[in-house]
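Everything on this sheet refers to the single structure shown next.
The values are calculated or read from the model by the stated rules, or taken from the named source; none is laboratory data. Since the model is a prediction, treat every value here as computed from it, not as a measurement. Virtual Cβ from ideal backbone geometry, glycine too; neighbours counted across all protein chains shown. The area values use the complete protein model at the heavy-atom level, side chains included, leaving out ligands, DNA and RNA. Shrake-Rupley method; radii C 1.70, N 1.55, O 1.52, S 1.80 Å.
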Amino acid sequence: MAQFWHFSEFYFEAAGMLTIINHNNKLMSKFIYLSATPEALIASMLPPAEFGEYLSTGTKKMNRGQAIFFEVDLNQIKHLIDMDNLNKRCVAKPDGRPKNSVYLSVYKAFELIPLEALKSLYLTTENGYTLELERAAFDPAAESKGKLYLYQELCPVAPLVATDLTPSVFLKRLTDGSTPIVLPKLFFVELKLGELATNPLKGSVEHLPYTNIGHLRDCLEILKGEYEKHMKTVQRVFSGSLLFRTIESGFYIGAGDNLVFYPYPSLSELENINYEFFRAI
């Protein structure tokens, strides 16, 4: 069992989180987050938007980096954590300010947390603007077949992969034990290919800001020519920075036939939904 790490004098449970009353009678809630970059399970007294800003910019505004994280339903993982230890560590600061973060696990966190405990997914830009993505029903029958895909795997491994497999088939292939390389769970995002999805050699690369387009074309063309080859690694190491403008359908996490989907809005939709995030990407 993983070890995770009451606040003040009183606390009560509500809506999958702990709400506490500190010595100044101020209500403060505790949240559990599952971070993908880097992988970690974290407790915090900051709500999602503030937590994302904290991760991306730091407390003194000297850090810069994206954040990708889920909110986790505490009620569904209490049997996996040491609640007494958690309540002792995640406490308000002496001056009453909330605790920013308490790291509970940095190893196999994604493997540990059940899919049903995952709530919304949050993306934060390097300057602190956060977008919420909600879970949505996923229909494998609606997937587009007969084209190529580009997936950035995010956790627990993180290569950039070109494939002719739809998201649900790709996930199952890597997690069901049918291949020599088996993952207990996989979190990945589909990226835009534009015309390259059907015409790797001659398709337009306008609005595709990827480095080494020639190599990407070669990988995609190999997939079209070798019918027994379904996946090709485009880049072995993830830079740690995802181009949010290049996201296609959205994010996927799961294992086998158990898939959770977080759809990503089009850029025109995003401009209306969250203009600050849109401008920042």
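Convert each backbone phi in the stretch 68-85 into a coupling constant with the Karplus relation 6.51 cos²θ - 1.76 cosθ + 1.60 (shift: θ = phi - 60°), then list the ³J(HN,Hα) values in order as whole Hz, x for Gly and Pro.
Coupling constants for the stretch 68-85: 10, 8, 9, 8, 10, 6, 4, 4, 8, 10, 4, 6, 9, 10, 8, 5, 4, 5 Hz.
Using +1 on the beta carbon of Lys and Arg, -1 on that of Asp and Glu, and nothing else charged, what's the dipole of the stretch 45-131 about the Cα centre, debye to 20?
380
Could you calculate the contour length gain from E269 to V182, that is, 0.36 nm times the residue separation minus the distance between their Cα atoms, to one decimal place in nm?
My answer for the length gained is 27.7 nm.
For Cα extents along the principal axes in Å, one of (1) 51, 42, 31; (2) 67, 41, 30; (3) 109, 48, 28 was computed from the structure I shared and the rest are decoys. Which label?
Identified label for the calculated read-out: (2).
Compute the length gained on full extension between S144 and K78: take 0.36 nm times their separation in residues and subtract their Cα-Cα distance, giving the result in nm to one decimal.
19.9 nm is the gain from fully extending S144 to K78.
May I ask you to give the solvent-accessible area per residue for the stretch 38-174, in square angstrom, as obtained with a 1.4 angstrom probe?
44
Residue by residue, what Karplus-based ³J(HN,Hα) values in Hz, rounded to whole numbers, does the stretch 194-205 have, using 6.51, -1.76 and 1.60 with θ = phi - 60° and x for Gly and Pro?
Once rounded to whole Hz, the list reads x, 5, 5, 5, 10, 9, x, 7, 10, x, 5, 10.
Collect residues whose amide H, placed 1.01 Å from N in the peptide plane, falls under 5 Å from the amide H of C155; neighbours closer than 5 in sequence don't count.
It is F187, by chain and number.
Given the rule -39500 (n - 2.57) for each run of at least 4 DSSP H residues, summed and divided by the residues of the chain, what is its mean residue ellipticity at 222 nm, to the nearest 500 deg cm²/dmol?
-5500 deg cm²/dmol
For the stretch 97-229, what % of the accessible area comes from carbon and sulfur atoms, probe 1.4 Å?
52
If ligands, DNA and RNA are left out, what is the accessible area of L112 with a 1.4 Å probe, given in Å² to the nearest 10?
Rounded to the nearest 10, that gives 50 Å².
Over all distinct alpha-carbon pairs, what is the Kirkwood Rh of the stretch 205-280 in angstrom?
Final number for the Kirkwood radius of the stretch 205-280 is 15.3 Å.
Out of residues 5 or more away from I81 or on other chains, whose amide H comes under 5 Å of its own, with H placed 1.01 Å from N in the peptide plane?
Correct list: empty.
Under 5 Å between amide H atoms, partner at least 5 residues away or on a different chain: which partners does G250 have, H built in plane at 1.01 Å?
Amide H to amide H, under 5 Å and 5 or more residues apart or across chains, G250 pairs with E190, Y264.
Please turn the phi angles of the stretch 240-256 into ³J(HN,Hα) values with the Karplus equation 6.51 cos²θ - 1.76 cosθ + 1.60 (θ = phi - 60°), one per residue in order, whole Hz, x for glycine and proline.
x, 10, 9, 7, 4, 6, 9, 5, 8, 6, x, 10, 10, 8, x, 7, x
If you average the sequence gap of Cα pairs under 8 Å that are 6 or more apart and divide by the length of the stretch 224-278, what percent do you get for the contact order? Please report the intermediate quantities before stating the final value.
Values: 25 pairs, mean separation 11.3, N = 55.
Once normalised by length, the contact order is 21 percent.
Quick check: from the Cα gyration tensor, does the stretch 237-281 come out rounded (a/c under 1.5), prolate or oblate?
oblate
Which shape class applies to the stretch 128-243: rounded if a/c is under 1.5, otherwise prolate when a/b exceeds b/c and oblate if not, where a ≥ b ≥ c are the square roots of the Cα gyration tensor eigenvalues?
On the way: a/c = 1.38, a/b = 1.11, b/c = 1.25.
Note, shape of the stretch 128-243 comes out rounded.
How do I181, I32 rank by accessible surface area computed with a 1.4 Å probe, from largest to smallest? Please report the intermediate quantities before stating the final value.
Working: I181 120, I32 5 Å².
Highest to lowest solvent-accessible surface, that is I181, I32.
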